[in-house]
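Encoded as structure tokens, the structure appears first; notes follow it.
The values are calculated or read from the model by the stated rules, or taken from the named source; none is laboratory data. In this text the structure is predicted, and so the values were computed from the model without any measurement. FYI the Cβ positions are ideal-geometry reconstructions off the backbone, even for glycines, and counts take in every protein chain you see.
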């Protein structure tokens, strides 16, 4: 690795200071070098005199440059960025008029010189004079985190600290527990444990507290519209949306911080992708909600959605078209989307901000005589609707059995948000503890050491915890790759299988992470939100009449032949008493294709065709 700083005069001094500091910490240079070489995610130390340090790393794939901001130098220690959020490219800078920088997952960065803040160690000493920890004791703490101007850093682990996971020759801990299982159990415990205030503030991947109501999105398409952006938001009421096309960034401000936190965590975990671009997620500058908006929300329940009713109160009056509504309302601000329900004589117009909607409700009947007799008020924000997927995930996290969701207040947005946030925190901890920071959002789980004669149907019978996108069995290698729809479901399945084991044909199989699946395609996510699954339901089958035919149509072999043309079929189940059957595919895309094409077959023309329930989405078993 070749390291160069933008202040050439301080190159040698910085390196020497870092080595001396490591020596003061009872860590010799050899141990430090070994630790750094064994840790692929460690980065060069900061320069003690620069606000920004540049370094260049050389490897087999080429050269690249990256930028760090200067860290605290209270003890002359070696400080590194937290894994998973850095390094940051100079192109990641987004300069705003308020002289602030915004980065992915890393908060707000003041444009002025970074002011050093006291570390947790110093604050702890100030708050508790009786507790005087030595510098050596302080650096003996693994992953001690400090905060510096909303930027997060992590101390290098002391080289004299022994960890059972550092010994490459040790596969088991002293008590015989696998390190993988121990790491998974620790991640689950830490994710579900209550966090202290300091921990919440210092963890950049923290899903339990939000520093702002505003979420920053970088690397957005230059021609992105408000509608296209908000089609990906299903976390709560949006106050305002701003898209800065020339800087390829956007800001979404929510009414409350819990909604912002849910969207932020969901976008990170699922790797939000818009227009084939990986979107960078961060926090915007904390701001107070507009007093006018706050007052109207409190008194009238104001939202971005304007409801217009009684549009056909006159018998001769024609329906307003979407185009006419856009012409009449464009003066009040940017419009998100318009939905006209002609048979009911109503329309819903979503604006880019609540303030614009307030102007419409207040002024439209006065300025435009046509709307004087209309009913104009606020509707529900489309971004605050609870989707079926969210209900399913929350129910599974809370251990609610299928069909019992009505016993829980799923109409309560705050209740759903809290459950989903806890689930996201647990999923992130599990994925990163076993697969590293780059494994965040992975939806593919590896199953190995399978029985030689195993069938894909048997694997699906054992997999529980979430809807599947696909399942692929490699018979010649006795391995299988299971890709879930939701990364939280994949993490939950991995955790359960690691802790309790995954068994097929009474044989315990290996469980690991597969190659990163990437984000779920937007079209597929929309289909799933509308009820799509890999299970196709065929109803209204007359099995009695079919049995009288010379060649029966609705047999397993014949149905498999018919449906196999759209993709690999995993299982076919018959329920003759209910005149139906279920065809399960190995890939949800094949099921969607079959549902679209099967009606062209004359034998299925008059039958009821729909999506069934994926049995893999049932609540996971505690043990197998």
Open item on the list: Cβ-Cβ under 8 Å, sequence separation 6+ or interchain: first residue in the stretch 211-230 and on the phi > 0 side of the Ramachandran plot, partner surrounded by fewer than 19 Cβ atoms within 10 Å (Cβ to Cβ) and assigned to a strand (DSSP E or B). Which pairs?
Closed with: 219/277; 219/278
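Yes or no: the stretch 379-402 includes at least one residue that is under 30 Å from residue 422 (Cα atoms), part of a helix (DSSP H, G or I), at pLDDT below 90 and in contact with a strand residue (DSSP E or B) (Cβ under 9 Å, 6 or more places away or on another chain).
Yes: one or more hits.
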Task: Subset of the stretch 339-351 (residues that are surrounded by fewer than 21 Cβ atoms within 10 Å (Cβ to Cβ) and under 24 Å from residue 252 (Cβ atoms)) - done: 339, 348
TODO: Would you mind telling me which numbered condition in (1) touching a residue at least 12 places away in the same chain (Cβ under 8 Å); (2) out of contact with any helix residue (DSSP H, G or I) (no Cβ under 8 Å at 6 or more places or on another chain); (3) surrounded by fewer than 15 Cβ atoms within 10 Å (Cβ to Cβ); (4) farther than 16 Å from residue 458 by Cα residue 531 fails?
DONE: (2)
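Given the criteria touching a strand residue (DSSP E or B) at 6+ places or on another chain (Cβ under 9 Å) and part of a helix (DSSP H, G or I), does residue 217 qualify?
Working: touching a strand residue (DSSP E or B) at 6+ places or on another chain (Cβ under 9 Å): yes; part of a helix (DSSP H, G or I): no.
Answer is no for this residue.
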TODO: Could you tell me whether residue 308 is farther than 23 Å from residue 216 by Cα and assigned to a strand (DSSP E or B)?
DONE: yes
Task: Filtered residue count, the stretch 544-597, keeping only those that are in contact with a helix residue (DSSP H, G or I) (Cβ under 6 Å, 6 or more places away or on another chain) and not in a helix (DSSP H, G or I) - done: 10
TODO: Select from the stretch 419-461 the residues that are within 22 Å of residue 521 (Cα to Cα), surrounded by 20 or more Cβ atoms within 10 Å (Cβ to Cβ) and more than 16 Å from the chain's Cα centre (by Cα) and list them in ascending order.
DONE: 445
Open item on the list: Name the residue that is farthest from residue 533 (Cα to Cα), counting only residues in the stretch 581-607 that are modelled with pLDDT of 95 or more and more than 30 Å from the chain's Cα centre (by Cα).
Closed with: 581
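Counting only residues that are in a helix (DSSP H, G or I) and at positive phi, how many does the stretch 518-543 have? Walk me through it before giving the result.
Of the residues in the stretch 518-543, the ones in a helix (DSSP H, G or I) are 522-529, 543.
Next cut, at positive phi only: none.
Number satisfying all stated conditions: 0.
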Task: Selection count where residues are surrounded by fewer than 14 Cβ atoms within 10 Å (Cβ to Cβ) and over 16 Å from the mean Cα position of the chain (by Cα), scope the stretch 513-528 - done: 2
Task: Filter pass, residue 464 being over 19 Å from the mean Cα position of the chain (by Cα) and either buried (at least 22 other Cβ atoms within 10 Å of the Cβ) or within 20 Å of residue 591 (Cβ to Cβ) (or both) - done: yes
Open item on the list: Step by step: first the residues of the stretch 495-512, then only those that are over 18 Å from residue 460 (Cβ atoms) and buried (at least 20 other Cβ atoms within 10 Å of the Cβ), then the one that is farthest from the chain's Cα centre (by Cα). Which residue is that?
Closed with: 498
Task: Sole residue being buried (at least 19 other Cβ atoms within 10 Å of the Cβ), closer than 26 Å to residue 361 by Cβ and under 17 Å from the mean Cα position of the chain (by Cα), chosen from 259, 250 - done: 259
Open item on the list: Can you pull out every residue in the stretch 286-300 that is over 14 Å from residue 353 (Cα atoms) and either touching a residue at least 40 places away in the same chain (Cβ under 8 Å) or surrounded by 19 or more Cβ atoms within 10 Å (Cβ to Cβ) (or both)?
Closed with: 286, 287, 300
